[in-house]
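The values are calculated or read from the model by the stated rules, or taken from the named source; none is laboratory data. The structure presented is a predicted model; accordingly, all values stated were derived computationally and were not measured. Ideal geometry is used to build each Cβ from the backbone, glycine not excepted, and the neighbour counts take in all protein chains shown. Surface accessibility is based on the protein's heavy atoms, side chains included, excluding ligands, DNA and RNA. Shrake-Rupley method; radii C 1.70, N 1.55, O 1.52, S 1.80 Å.
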Amino acid sequence: MIVLTAKGALTGKNLEYFPNPAIVVDGGKIVDIVPSDSRKGGSYISSGEHIDLKDLTLMPGMIDSHAHLAMDARTEGHLMKMNDPEARQTIRAVRNVKDDIKAGITGLRCLGDKYYIDVEMRDFGAPDFPWMSVSGIGMKGIHGHGYVGMSFSGAEEFRRQARENIYRKVNWLKIFITPGTPPTGGAMTPWYMTREEVRAVTDEAKSQGILTTAHCIGGTGLRYVAEEGIDTIEHCYWVTDEDIDLIIKHDKIVSFTSGIMLDPGREPMCPEAQNVKVRATREESFRRMSKLVQAHPKFIIGSDAYHAMLWREVMYMRQLGMDNLESLKGVTVYPGELYGNHVGSLESGYVADIIGVSGDPVEDASALSDPVFVMHNGKRFV
Ligand SMILES: [Zn+2]
């Protein structure tokens with residue numbers, strides 16, 4: 001039994017502030033949270049291994065809801081490296097997830113890696129890997145976007161790959177329906193899959209009780225995925241008012257990855273042709289995403305392969321007008337509830353994925369950038 005004490009903790013589904021907690025961990029799970037100065041707290045402290053984290057604030061380990069294990073958006077030319085040989089991609093993936101865990105990211109939703117690297121790493125499950133919810137091979141149209149995806153044409157081809165993914169025991173099916181960056185000069189947003197192709201994928205997922213997600217920035221593609229039963233919609237950089245209404249009407253979960261559009265720090269790692277488009281549409285994209293935030297959809301937050309940098313996404317969500325506590329729930333409680341298995345919250349019976357940060361993560365997102373303490377499955381890493 002390990003007993004953690006600290007200045008405070010963000011507990012439960014509402015991330016309620018709990019002053020001077022004693023968090024009791026046993027068998028990889030949180031078994032109790034009590035005031036450290038209570039009688040019960042005192043007896044826990046004297047009977048277990050006590051780790052006093054003094055001035056830190058404890059909170060659930062963060063969950064990155066849009067990862068690609070073998071892609072490292074911190075490096076130049078990372079998109080092209082998705083054509084690297086399998087061994088090289090695997091080595092990179094291992095390094096990336098170890099960086100994630102050191103940065104307090106204890107869970108990942110992987111949205112496309114080649115060679116089923118994500119499935120293999122989830123099942124290998126080393127103690128210093130975050131837990132993973134995976135989608136295997138991302139599926140895209142032959143003429144469509146998606147560096148990490150593979151190409152298919154026609155409902156039967158998509159269905160076949162969906163089944164192959166399911167055979168490999170993925171948790172999600174991932175499709176790419178629109179371009180990566182918004183169109184410039186007022187052009188319409190193209191889409192690269194038909195309704196029938198989308199439906200083939202959602203039917204296969206429903207038949208096995210698993211979830212689906214779509215890379216989709218907006219437009220007709222968004223209408224197809226909302227109406228054909230895709231569960232989460234990635235990015236949404238270029239949503240129209242009509243798209244926002246569809247998201248709310250169909251109760252879709254938005255997976256925000258706004259840093260790709262809003263963070264100039266990511267440009268040096270991306271192709272110049274893409275940067276030109278991103279710069280030309282950044283302001284308008286900010287306006288559209290802010291409007292989406294104001295509509296209060298269900299949501300989760302991801303970095304899109306910017307490993308160890310998820311805290312920056314929390315910062316951008318606040319700039320887009322999201323409430324501070326809500327933005328923290330987007331990397332803890334909300335994805336925890338969606339992926340199941342008692343993660344993403346500090347409460348009894350939940351997995352002991354716990355981080356400790358200096359400063360106040362509710363007031364200042366940069367407090368998340370360098371956790372001083374990281375526990376995953378009840379084991380201490382940092
Ligand atoms: Zn992605």
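Is it the case that some residue within the stretch 298-308 is under 18 Å from Pro264 (Cβ atoms), of a type in the set (A, V, I, L, M) and within 16 Å of the ligand (Cβ to nearest atom)?
Applying the first criterion (under 18 Å from Pro264 (Cβ atoms)) to the stretch 298-308 yields 303-306.
Narrowing the set further to residues that are of a type in the set (A, V, I, L, M) leaves 305.
Of the ones still in play, those that are also within 16 Å of the ligand (Cβ to nearest atom) are 305.
Checked against the condition, which is being under 18 Å from Pro264 (Cβ atoms), of a type in the set (A, V, I, L, M) and within 16 Å of the ligand (Cβ to nearest atom), the stretch 298-308 yields at least one hit.
If you go through the stretch 191-217, how many residues are farther than 22 Å from Ser65 by Cβ and open to solvent by 40 Å² or more (accessible area, probe 1.4 Å)?
8
If the Cβ limit is 9 Å and pairs must be 6+ apart or interchain, which residue in the stretch 264-282 that is outside the structural domain of His235 (by TED's automatic domain parsing) pairs with which residue that is open to solvent by 80 Å² or more (accessible area, probe 1.4 Å)?
As it stands, the answer is none, since no pair meets every condition given.
For a quick check of your reading of the model, give me the residue pairs whose first member lies in the stretch 219-244 and is farther than 19 Å from Ser303 by Cα, whose second is polar (S, T, N, Q) and away from the ligand (no atom under 16 Å from the Cβ), with beta-carbon atoms closer than 8 Å and at least 6 apart or on different chains.
Correct list of pairs: Gly219/Thr189; Gly219/Thr240; Thr220/Thr189; Gly221/Thr189; Tyr224/Thr194; Glu228/Thr202; Gly229/Thr202; Ile230/Thr202.
Being open to solvent by less than 10 Å² (accessible area, probe 1.4 Å) and over 15 Å from the mean Cα position of the chain (by Cα) is true for just one of Gly141, Gly112. Which residue is that?
Working: Gly112 fails: over 15 Å from the mean Cα position of the chain (by Cα).
So the residue among Gly141, Gly112 that is open to solvent by less than 10 Å² (accessible area, probe 1.4 Å) and over 15 Å from the mean Cα position of the chain (by Cα) is Gly141.
Go through the residues of the stretch 86-106 one by one and say whether even a single one is small (Gly, Ala, Ser), on the phi < 0 side of the Ramachandran plot and within 16 Å of the ligand (Cβ to nearest atom).
Going residue by residue through the stretch 86-106, those that are small (Gly, Ala, Ser) are 87, 93, 103-104.
Retained after the next criterion (residues that are on the phi < 0 side of the Ramachandran plot): 87, 93, 103.
Now narrow it down to the ones that are within 16 Å of the ligand (Cβ to nearest atom): 93.
For the stretch 86-106, residues small (Gly, Ala, Ser), on the phi < 0 side of the Ramachandran plot and within 16 Å of the ligand (Cβ to nearest atom): present.
Can you pull out the residues in the stretch 235-261 that are open to solvent by less than 20 Å² (accessible area, probe 1.4 Å) and within 16 Å of the ligand (Cβ to nearest atom)?
Of everything in the stretch 235-261, those that are open to solvent by less than 20 Å² (accessible area, probe 1.4 Å) and within 16 Å of the ligand (Cβ to nearest atom) turn out to be His235, Cys236, Tyr237, Val254, Ser255, Phe256, Thr257, Ser258, Gly259, Met261.
So which of Val374, Val314, Val331, Val382 is among the hydrophobic types (A, V, I, L, M, F, W, C), modelled with pLDDT of 95 or more and part of a loop (DSSP other than H, G, I, E, B)? Explain how you work it out, then say what you get.
On the way: Val374 fails: part of a loop (DSSP other than H, G, I, E, B); Val314 fails: part of a loop (DSSP other than H, G, I, E, B); Val382 fails: modelled with pLDDT of 95 or more.
Only one candidate qualifies: Val331.
Would you point out the residue of the stretch 115-132, among those that are open to solvent by less than 10 Å² (accessible area, probe 1.4 Å) and either within 16 Å of the ligand (Cβ to nearest atom) or outside the structural domain of Trp311 (by TED's automatic domain parsing) (or both), that is farthest from Ile63 (Cα to Cα)?
The extreme case among them is Ile117.
Are there any pairs with C-beta distances below 8 angstrom linking a residue in the stretch 361-376 that is closer than 15 Å to Gly8 by Cα to a residue that is charged (D, E, K, R), with the two at least 6 apart or on different chains, and if so which?
Ala367/Asp360; Phe373/Arg380
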